[in-house]
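One structure is given here, and the rest of the page talks about it.
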Amino acid sequence: PLDVITNLSSMRVAHIITRMIVGGAQENTLLNCLGLLQDFQDDVVLVTGPTAGPEGRLLEQGRAGALQVHIIDDLQRAIHPSRDRRALRDVKNFLRSFKPDVVHTHSAKGGMIGRAAAWSL
């Protein structure tokens, strides 16, 4: 029941996604983050790379509200070994300082780097 869930203490949750373009997975991620903030008062941060692409920039629509967003410049969709190593280092450093209870990853690149960073810690 929902009343049992609401009695839990808040959690620290990091969502990691490659980019926040206008699209289904990104919309779902944003709604999930906002739901955790509003419904459970969790401490939530969205870690993402720079938004590039013709689809449009989801976060610039002003729908993120109070959601904390952390941009990792090297977290980009294209495979680029040196940039990917820097993204892994930067995500790992961020997670080390944020100390999340849960790391929720989305998309291929964000998922791979996010899981590698979380498991290494």
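The values are calculated or read from the model by the stated rules, or taken from the named source; none is laboratory data. In this text, all values refer to a predicted model and were calculated from it rather than measured experimentally. Positions of Cβ are generated from backbone atoms using ideal geometry, with glycine treated the same way; all protein chains shown enter the neighbour counts. Heads up: the accessible areas ignore ligands, DNA and RNA and are worked out on the full protein's heavy atoms, side chains in. Shrake-Rupley method; radii C 1.70, N 1.55, O 1.52, S 1.80 Å.
Any idea what % of Cα-Cα pairs in region 34-104 are farther than 21 Å? Here the long-distance tail beyond 21 Å is 36 percent of all Cα pairs in region 34-104.
From helices alone, the chain scores -14000 deg cm²/dmol at 222 nm; the rule is -39500 (n - 2.57) for each run of n ≥ 4 DSSP H residues, then divide by the residue total. On the basis of the beta-carbon distance and an R0 of 22 Å, Arg96 and Ala52 show a calculated FRET efficiency of 0.25.
Measure off, as a whole percent, the carbon and sulfur share of the 1.4 Å-probe accessible area of region 42-121, all protein chains present.
Values: 2440 of 4580 Å².
Exposed carbon and sulfur together represent 53 percent of the surface.
What ranking do 60-72, 97-109, 9-21 get when scored by the average of other Cβ atoms within 10 Å per residue, highest first? Before the final figure, lay out each step's value.
Values: 60-72: 13.1, 97-109: 16.5, 9-21: 21.0.
In descending order of packing, they fall as 9-21, 97-109, 60-72.
The charge dipole of the chain, taken about its Cα centre with unit charges on the Cβ of Lys, Arg, Asp and Glu (plus for the first two, minus for the last two), comes to roughly 600 debye. Between Phe40 and Ile79, the simple spin-label model (points 7 angstrom out along Cα→Cβ) gives 3.5 nm. With distances taken between every two different alpha-carbon atoms, the chain has a Kirkwood hydrodynamic radius of 14.7 Å.
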